[in-house]
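S.K.: Take a look at this one; I'll ask things after.
The values are calculated or read from the model by the stated rules, or taken from the named source; none is laboratory data. Just so we're clear, the structure is a prediction, and the values are computed from it rather than from any experiment. Glycine also receives a Cβ, built like all others from the backbone with ideal geometry; neighbour counts cover every protein chain displayed. Ligands, DNA and RNA are excluded from the accessible area calculation, which covers all protein heavy atoms including side chains. Shrake-Rupley method; radii C 1.70, N 1.55, O 1.52, S 1.80 Å.
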Amino acid sequence: MKKYISVLLTLVMAMSLVACTGGSKKADLVMATNAEFQPYEFRDADNNIVGIDVEICQAIADELGRNLVIEDMAFDSIITSVYTGKADLGAAGMTITEDRLQSIDFSIPYATATQVIIVPNDSEIASPDDLVGKKIGVQLGTTGDIYSEDIEDAEIERYNKGYEAVQALIQGKIDAVIIDNEPAKVYVGKNPELKIVDEAFTNEEYAIAISKNNPELLAEVNAAITKLKESGKLDEIVNKYIAADN
Ligand code: ARG
């Protein structure tokens, strides 16, 4: 009899375990971003966060059967957020760098980009070599910030938002802004007194940041990105936000 009861108990326990795991919803997929980076992530007229990265992460979440939750934060908080496990994905037009790879992993790249130099139309700065000794505006913690430190005698002004650096440039407080090419095109498009210097400052690749403690998610995200590339869905998303002629 005793044996019978214990078998029964084990059976009941096993069944409730199945009910718990099988029946419960999958955890949210939390994306950390900085929605100051059109066309990759920005707020639309209704204050919703939209953009290329948002749609890529939504497609990944759909693929994994998880609900996407977006957390908007300062750009330089994103890696910490992924590192500490507060966010699952860091998706913010984030460039793969050796330094960042020390603390987090990156997915396979989903886009290529450059850092470009924005100057007023009448500027004498015509190539990266002309930046020596200049006052340069960047967004805090970005590759523009990191790489401009190598420019001889340059004075680096760091802003929380790329937009603030561009405002300072328009006001004549700085000589140039170093920022990613696509947001640069958006800023110059809105401010005809500015132009982009032809020669780019760096070449980079964007990828999604994922904790080193989560190799399963990394593999799932890589598989999802590969699928998005192969199906043409990634191009479709990019073309929705970036005009084909630029
Ligand atoms: N690609 C640059 C970097 O990784 C800038 C990215 C800025 N992204 C943003 N959402 N503000 O450092």
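S.K.: Probe 1.4 Å, all protein chains in place: accessible area of TYR83 in Å², nearest 10?
M.R.: Per-residue accessible area (TYR83): approximately 140 Å².
S.K.: Order 46-57, 220-231 from most to least packed using the mean count of other Cβ atoms within 10 Å. Intermediate values should be presented prior to the final figure.
M.R.: Values: 46-57: 19.5, 220-231: 16.7.
In descending order of packing, they fall as 46-57, 220-231.
S.K.: Still on this structure, please answer the following. Tabulate in residue order the Karplus-calculated ³J(HN,Hα) for the range 172-185, using 6.51 cos²θ - 1.76 cosθ + 1.60 with θ = phi - 60°, rounded to whole Hz; enter x for Gly and Pro.
M.R.: Working through the residues one at a time gives x, 7, 9, 8, 7, 10, 10, 7, 5, 4, 5, x, 4, 4 Hz.
S.K.: Here is a follow-up. In the chain, what % of DSSP beta bridges are antiparallel (nearest 5)? Present the calculation step by step, with values, prior to reporting the outcome.
M.R.: Details: 19 of 33 bridges.
That works out to approximately 60 percent antiparallel.
S.K.: Still on this structure, I have one more. Counting Lys and Arg as +1 and Asp and Glu as -1, each charge on the Cβ, what is the dipole of the range 179-225 about the Cα centre in debye, to the nearest 20?
M.R.: Details: 4 positive and 9 negative charges, 33 e Å.
For this selection, approximately 160 debye.
S.K.: Another question, then. Cβ neighbours within 10 Å, averaged per peptide: list 171-184, 124-137 in order, most packed at the top.
M.R.: So the order, starting with the most tightly packed, is 171-184, 124-137.
S.K.: Give me the tail of P(r) for the range 194-237 as a percent: Cα-Cα pairs with distance above 11 Å.
M.R.: On the way: 708 of 946 pairs.
Roughly 75 percent, once rounded to a whole number.
S.K.: Which one of TYR187, ALA223, ALA45 has its Cα pushed farthest toward the positive end of the charge dipole of the chain, where Lys and Arg give +1 and Asp and Glu give -1 at the Cβ?
M.R.: ALA223
S.K.: Let me ask something additional. In debye, nearest 20, what is the charge dipole magnitude of the chain about its Cα centre with +1 on Lys and Arg Cβ and -1 on Asp and Glu Cβ, if you could check?
M.R.: On the way: 21 positive and 42 negative charges, 378 e Å.
So the magnitude is around 1820 debye.
S.K.: Shifting gears a bit: Per DSSP H run of n ≥ 4, the term is -39500 (n - 2.57); total these for the chain, divide by its residue number, and report the mean residue ellipticity at 222 nm rounded to 500 deg cm²/dmol.
M.R.: So the helix-based figure for the chain works out to -11500 deg cm²/dmol.
S.K.: So what J values fall out for the range 52-60 if you push phi through Karplus, 6.51 cos²θ - 1.76 cosθ + 1.60 with θ = phi - 60°, rounded to Hz, Gly and Pro as x?
M.R.: 4, 5, 5, 6, 5, 5, 5, 5, 5
S.K.: Does the chain come out rounded, prolate or oblate, given a ≥ b ≥ c as the square roots of the eigenvalues of its C-alpha gyration tensor, rounded meaning a/c under 1.5 and, failing that, prolate meaning a/b above b/c? Numbers along the way, then the final one.
M.R.: Working: a/c = 2.99, a/b = 2.45, b/c = 1.22.
Because a/c hits 1.5 or more and a/b exceeds b/c, the chain counts as prolate.
S.K.: With unit charges on the beta carbon (Lys/Arg positive, Asp/Glu negative), name the residue among LEU64, THR80, THR112 whose Cα is farthest towards the positive pole of the charge dipole of the chain.
M.R.: Result: LEU64, furthest along the dipole toward the positive end.
S.K.: What size of dipole, in debye to the nearest 20, comes out for the range 108-246 about its Cα centre when the only charges are +1 on Lys and Arg C-beta atoms and -1 on Asp and Glu C-beta atoms? Don't skip to the answer; put the middle values down first.
M.R.: Details: 13 positive and 26 negative charges, 143 e Å.
Result for the range 108-246 is approximately 680 debye, rounded to the nearest 20.
S.K.: Can you give me the angle between helix 2-23 and the longest principal axis of the chain, using Cα atoms only, in degrees from 0 to 90, rounded to the nearest 10?
M.R.: That helix lies at roughly 30 degrees to the long axis.
S.K.: Putting +1 on Lys and Arg Cβ atoms and -1 on Asp and Glu Cβ atoms, find which of ASN121, ILE96, LEU131 reaches farthest to the positive end of the dipole of the range 86-136.
M.R.: Sorting the options by dipole projection puts first ILE96.
S.K.: Further question: Below 8 Å, C-alpha to C-alpha, sequence gap of six or more: please give me the relative contact order for the chain in percent.
M.R.: Averaging sequence separation for qualifying contacts and normalising by length gives 24 percent for the chain.
S.K.: Heads up, I need the accessible area for ASP198: 1.4 angstrom probe, whole protein in place, Å², nearest 10.
M.R.: 150 Å²
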